[in-house]
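Here the structure comes first, spelled out in C-alpha cells, and everything after it is commentary.
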Amino acid sequence: MSFDAGLKAHLGTGATTVCHAWRLERADGVVMGFTDHDVDLGFDGLVFRAGSGLTALALQQGTGLAVDNSEAIGALSDAAIREADIEAGRFDGAVLVAWLVNWANVDERQVVFRGTLGEIRRSDGMFRAELRGLTEALNQPVGRVYQRPCSAVLGDGACGVDLGAPGYRAEVAVVAVEDRAVFRFGALDGFDFGWFQRGRLEVLSGAAAGLSGVVKRDVIEGGARRIELWQPVRAEIVAGDMVRLEAGCDRRFETCRLKFDNVLNFQGFPDIPGEDWIMASPRSVGETGGGSRR
C-alpha cells in the first residue's frame, strides 16, 4: 500500500497539522469514531469525536511475522466508551482502523494500523486497550484434528444446520433470573428435556441486549424450564427481558443423526479406534483371520 502523496508532501514541509483518528466497530455492529485532535473530524461517512480523550502510545510494526502492537488510552465517559459496556464485553475483539490525518485537510490521510482490540484494563476513570495487529491471527494453530466428536460448530458452514428452522430455537421472556446465570421460564412445549444443553442463550432486549452465554444445564422443574449458563451474562438482566434459546449439540454421531438429521455433514470420525486399542493383545483362540474384533 502506497503512502498518501498529499500527506507525504505535507509532512515534508516540516510544519505539520496532523493528528490521529480511530474507527472502532464492535461485534454488535456499533461503529464509533475518535480523534486526539481538539475538534471533531469527519470523513468516510463518520464523525470522529474529539471529546473522548483517546490517545495512543508509540506503534510497533515490523516487516516480518511479529505481531504489530500498541495501546490506546482514554477516559471512560457515558458519551464515548462506558465502563459498563467494557464490563459487558461489548468491546472484546472490536475491529480498529487508525489513520494519521492532516486535520486542516482530512483528504490527506494514511492508514497506520489495522487490527482488533485485545486486553482492556480499567482504573481511576481511565482505560488502556491493547491493540492487536492483523498478524495476531498467525499465532493461532490451524489444521484438521482426527477425533470421534464432530469438529464443526453447530450452525456454521461446515455443519450446515439451520438454527432458524422450526424446532431449533425459541424466543421467550424471562420469568426469573438468579446471579445472571440461572434463568427460569414457563413451560416450553415441544422441546425435550436437555434440548438446549450445550446450546446458546442470547439476550434480545434490556440492558444486556446482544450478549450471550453457553447453556450448561437444561432441566424441567414442575412443568417449568430452568436454564443454567456456564458463565454469568456480563450485564443486568431482569424478569420480562426477551431471550433466544438455541438447541445444543454434544458433537456425537448419534446426536447428529437423531436430533439434527445431518449425518452427511458430520465432521468427526466415529469409527476411529480409542486409546484402549494400544493395550489390545492378539487373540490366541477363536477367529484370528484378521477381521473385526467386535
### Task
Considering (1) in contact with a strand residue (DSSP E or B) (Cβ under 6 Å, 6 or more places away or on another chain); (2) farther than 23 Å from I86 by Cα; (3) free of Cβ contacts under 8 Å to residues at least 24 places away in the same chain, say which one L258 fails and leave the rest.
(1)
### Query
Going by the conditions given, is Q147 closer than 24 Å to Q267 by Cα, among the polar types (S, T, N, Q) and surrounded by 11 or more Cβ atoms within 10 Å (Cβ to Cβ)?
yes
### Query
Among the residues of segment 181-202, is any part of a strand (DSSP E or B), loosely packed, with under 14 Cβ neighbours inside 10 Å, of a type in the set (A, V, I, L, M, F, W, C) and touching a residue at least 60 places away in the same chain (Cβ under 8 Å)?
no
## Note on the structure
Matching residues in segment 34-57 (at pLDDT below 90 and in contact with a strand residue (DSSP E or B) (Cβ under 8 Å, 6 or more places away or on another chain)) number 12
### A79 vs. criteria at pLDDT below 90 and surrounded by 13 or more Cβ atoms within 10 Å (Cβ to Cβ)
no
### Restricting segment 143-179 to residues that are assigned to a loop (DSSP other than H, G, I, E, B) and touching a strand residue (DSSP E or B) at 6+ places or on another chain (Cβ under 6 Å), the residue that is nearest to A235 (Cα to Cα)
V174
### Summary
Of (1) within 23 Å of F91 (Cβ to Cβ); (2) surrounded by 16 or more Cβ atoms within 10 Å (Cβ to Cβ), H10 fails just (1)
### Message
Just to verify a result, which residue in segment 10-28, among those that are without any contact (Cβ under 8 Å) to a residue 60 or more places away in the chain and part of a helix (DSSP H, G or I), is nearest to D44 (Cα to Cα)?
### Response
L11
### Query
Any idea which residue in segment 13-32 is surrounded by the fewest Cβ atoms within 10 Å (Cβ to Cβ), counting only those that are of a type in the set (V, I, T) and more than 23 Å from L131 (Cα to Cα)?
T13
## Note on the structure
Inside segment 114-134, the number of residues satisfying the requirement of being at pLDDT below 85, surrounded by 14 or more Cβ atoms within 10 Å (Cβ to Cβ) and within 30 Å of A9 (Cα to Cα) is 3
### Summary
Note on segment 127-142: residues part of a strand (DSSP E or B) and out of contact with any helix residue (DSSP H, G or I) (no Cβ under 8 Å at 6 or more places or on another chain) are R128, A129, E130, L131, R132, G133
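The values are calculated or read from the model by the stated rules, or taken from the named source; none is laboratory data. Because the structure is predicted, anything quoted here is derived from the model rather than measured. Counting neighbours? That spans all protein chains shown, and the Cβs are built from the backbone with ideal geometry, glycine included.
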